[in-house]
1. Taking the alpha-carbon set of the stretch 108-156, what are its Rg and Dmax in Å?
2. Restricting to DSSP H runs of at least four residues, report the calculated mean residue ellipticity at 222 nm for the chain, -39500 (n - 2.57) per run over all residues, nearest 500 deg cm²/dmol.
3. Can you figure out the FRET efficiency of Thr108 with Val168, using R₀ = 45 Å and their beta-carbon distance, to the nearest 0.05?
4. What shape does the stretch 1-55 have by the C-alpha gyration tensor, where a ≥ b ≥ c are the square roots of the eigenvalues, rounded means a/c under 1.5, and otherwise prolate means a/b greater than b/c and oblate the rest?
5. Could you give the length gained by full extension between Met116 and Thr147, i.e. 0.36 nm per residue of separation minus their alpha carbon distance, to one decimal place?
6. Past 32 Å, Cα to Cα, is the threshold; run Lys16/Lys160; Lys48/Lys94; Lys16/Lys94; Lys48/Lys114; Lys36/Lys94 against it and keep the listed order.
7. Using only Cα atoms and rounding to the nearest 10 degrees, what angle (0 to 90) does helix 2-11 make with the longest principal axis of the chain?
8. Using amide H atoms built 1.01 Å from N in the peptide plane, name the residues 5+ places from Tyr78, or on other chains, whose amide H lies under 5 Å from its own.
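What follows is calculated from the coordinates using simple rules that are stated; it is not laboratory data. What you see is a predicted model; the values in this text were computed from it and never measured. Backbone-built Cβ (ideal geometry, glycine too); neighbour counts: all protein chains shown.
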Amino acid sequence: MAGIYAMVDSSINIAKAPANLSLGSVISPSVQITNKTQEELNLPLNGKAINAIRSFQGKGVLVWGARTLDGNSQDWRYISVRRTMTFLSRQSIKAAAEGYVFEPNNSTTWSTLKAMVTNFLLNQWQSGILAGQSPDDAFSVSVGLGTTMTPNDILDGILKLTVKVAIVRPAEFIVITFEQQQQKS
């Protein structure tokens with residue numbers, strides 16, 4: 001499965017669900033799964049979903065399903081959402097914000113950081129990773145006194161950045177808050 005994820009990431013993008021994809025070099029799964037068996041692997045009551053590797057007449061062997069084991073969660077039920085959020089939050093935005101850790105916790109730093117994150121998210125929206133007809137439908141970035149931080153946060157050198165992104169549907173945001181220690185004012 002890791003190879004399928006890597007192939008999808010490099011050939012399409014990280015937001016593409018790794019499902020309904022052919023495993024061309026696989027002749028046959030060791031266990032044949034029927035539609036009935038598949039239904040039993042996806043239990044709506046407990047939210048658990050098993051993504052099977054199945055053989056289909058005329059299609060070959062396919063990855064079948066793209067759900068997480070957190071199937072009752074509106075935000076985290078799909079693998080593509082989880083992987084996209086990891087890419088956006090941990091691998092991109094958080095890593096970029098760490099470049100400002102030695103900057104003063106003031107409006108200049110906030111404006112620069114907000115512009116950088118906004119530009120990054122705009123690029124992600126333009127590439128189809130974020131949902132929405134406009135950037136406002138797809139994401140928002142907030143940082144600053146009275147918005148994400150209190151005067152005490154600033155005195156303590158705590159920078160807080162809030163990012164909202166629409167992964168599955170426009171204007172249905174998943175909220176991420178980043179917090180890091182800056183220079184104290």
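1. Expressed in Å, the Cα Rg and Dmax of the stretch 108-156 come to 13.3, 39.
2. Details: 7 runs with 57 residues, N = 185.
Rounded to the nearest 500, the figure is -8500 deg cm²/dmol.
3. On the way: r = 35 Å, r/R0 = 0.78.
So the FRET efficiency works out to roughly 0.80.
4. Working: a/c = 3.10, a/b = 1.37, b/c = 2.27.
It is oblate, given that a/c is not under 1.5 and a/b is not larger than b/c.
5. Values: separation 31, 0.36 × 31 = 11.16 nm, distance 1.78 nm.
That pair, Met116 and Thr147, stretches by 9.4 nm at full extension.
6. Numbers: Lys16/Lys160 30 Å; Lys48/Lys94 30 Å; Lys16/Lys94 22 Å; Lys48/Lys114 38 Å; Lys36/Lys94 43 Å.
Table pairs above 32 Å Cα-Cα are Lys48/Lys114; Lys36/Lys94.
7. That helix lies at roughly 70 degrees to the long axis.
8. Thr68
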